[in-house]
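The values are calculated or read from the model by the stated rules, or taken from the named source; none is laboratory data. Predicted model only: the values in this text are computed from it and were never measured. Here Cβ is always computed from backbone atoms with ideal geometry, including for glycine, and neighbour counts include all displayed protein chains.
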Amino acid sequence: MKNYSILVVDDEPDNFDVIETFLTSEEYQLYYCSSGYDAIHWLEDFEPDLILLDVMMPELDGIQVCREIKSRSKWKKIPIIMVTALNSKQDLANCLESGADDFIGKPVNSIELKARIKSMLRIKTQYDRLNQFSILQRNTINMLARNMDELTGNIATSLSHELNTPLNGIVGALDILTSNFSDDDEFNLDNEEILELLDCAQNSTNRLVDLTKRFLLYLQLAISNSTKKESIAGESIFSLAIIDGITKEIALNLSREQDLVFEIQEATLAINEQYLALIISELVSNALKFSPSNSPITISSHIDNNQLHICIHDLGKGMTAEQISKVGILRQFEREKHQQQGVGIGLNLVRMITQAVEGSMNIDSVYGKETKVVISLPIMQEEETMADEH
């Protein structure tokens, strides 16, 4: 339960003592100001949950103080209960017109005071909850808007190209196959040519399927914040055999299996094995694509501070500090210089996955020389215990 704070503004200290006595059994923090000027000055540094404000005060009376407080947007939401000995309808109307939320007459009755304070604090609590929900809703809308800006701003130049390339490969291969039927239904292509076209169509299909899966996964992670951690959490083994199996096919496709170097400390990680494989394949694929043949790609790992730190190091083209800061969906840097497949979604996808399991991703790069990507992932509890023992 929240410990509410109440500011009592009254030029008579005895009146504060009475209120303090009435509220002794309540868990309120009480603060006292003896003048309206002191109250306004005090509000610059501290915002109470409620103000009990005496009407009849010298120099600056309660009506003037209330108007001043309610005229400022940062204080407007603080409920004010006017404490007054005045009882004419006009006097009470003046209290309400000044912005007061409620009033209580003098002499103050203990039961009435407690009831009015609780009523105002209940309204204040509901207001704060609605305000927090409004802020959350606004932040969510802004996040979605930023994601849509990223999508719409880059689809025309990146995604459309990546979709068209495999589609053209599929359509082109099928067109050649179908157009080479003669009128007598005899095929004009030999078996080697047919296999070559089918292989082209198969590779293009696989590429299109892979792109679609990754793009849909990105959208799922970007939009479904409430469920993404649950879907990514799990258990997986990080070992030399498993990492070698994930990376070998990628390296073979680029004829670079001899360039992979492993320095692995094994661990059991608190992440679904599907997402661990995706992280490793994305990072190793990037390292291989953007570094020269016969240069090493080092994949290393070590346990520290209850996390496994995985480093992928390449001696490739590197990234500038500005490029690192702009890592995001559908952004592939210097595409005109480095004609590689991909829409630039990989690094941002890896970052989103690691953050979902309370891990992190850091990029350290020297432009034109090297890049190190370090992924930190939580290890399972039993692994933490074993690491501590050693």
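Selection of region 304-361 for residues being among the acidic types (Asp, Glu) and either modelled with pLDDT of 65 or more or not assigned by TED's automatic domain parsing to the domain that holds Val373 (or both) yields Asp304, Asp314, Glu322, Glu358.
Restricting region 89-103 to residues that are outside any loop (DSSP other than H, G, I, E, B) and among the polar types (S, T, N, Q), which is nearest to Met120 (Cα to Cα)?
Among them, the one singled out is Asn94.
Residues of region 49-73 that are surrounded by fewer than 16 Cβ atoms within 10 Å (Cβ to Cβ), charged (D, E, K, R) and either without any contact (Cβ under 8 Å) to a residue 24 or more places away in the chain or touching an Asp or Glu at 6+ places or on another chain (Cβ under 7 Å) (or both): Arg72 alone.
Tally the residues that are at pLDDT below 70 and either at positive phi or in a helix (DSSP H, G or I) (or both), restricting the search to region 222-244. Please lay out each step first, then the result.
Restricting attention to region 222-244, the residues satisfying the condition of being at pLDDT below 70 are 222-230.
From what is left, the residues that are either at positive phi or in a helix (DSSP H, G or I) (or both) are 222-223, 225-230.
Qualifying residue count, region 222-244: 8.
Within region 72-88, is there a residue that is assigned by TED's automatic domain parsing to the domain that holds Val18 and in a helix (DSSP H, G or I)? No, every residue in region 72-88 fails to be assigned by TED's automatic domain parsing to the domain that holds Val18 and in a helix (DSSP H, G or I).
Can you spot a residue in region 21-34 that is in contact (Cβ under 8 Å) with a residue 12 or more places away in the chain and among the small types (Gly, Ala, Ser)? It would help to see each step written out before you state the result.
Going residue by residue through region 21-34, those that are in contact (Cβ under 8 Å) with a residue 12 or more places away in the chain are 22-23, 26-34.
Cutting the leftovers down to among the small types (Gly, Ala, Ser) gives us 34.
Yes: region 21-34 contains one or more residues that are in contact (Cβ under 8 Å) with a residue 12 or more places away in the chain and among the small types (Gly, Ala, Ser).
Against the conditions (1) at pLDDT 90 or above; (2) closer than 20 Å to Pro378 by Cβ; (3) under 27 Å from the mean Cα position of the chain (by Cα), Ala287 satisfies every one except (2).
Across region 80-122, the qualifying residues are those that are of a type in the set (A, V, I, L, M), surrounded by 14 or more Cβ atoms within 10 Å (Cβ to Cβ) and farther than 20 Å from Thr24 by Cα, and the one among them that is modelled with the highest pLDDT is Ile80.
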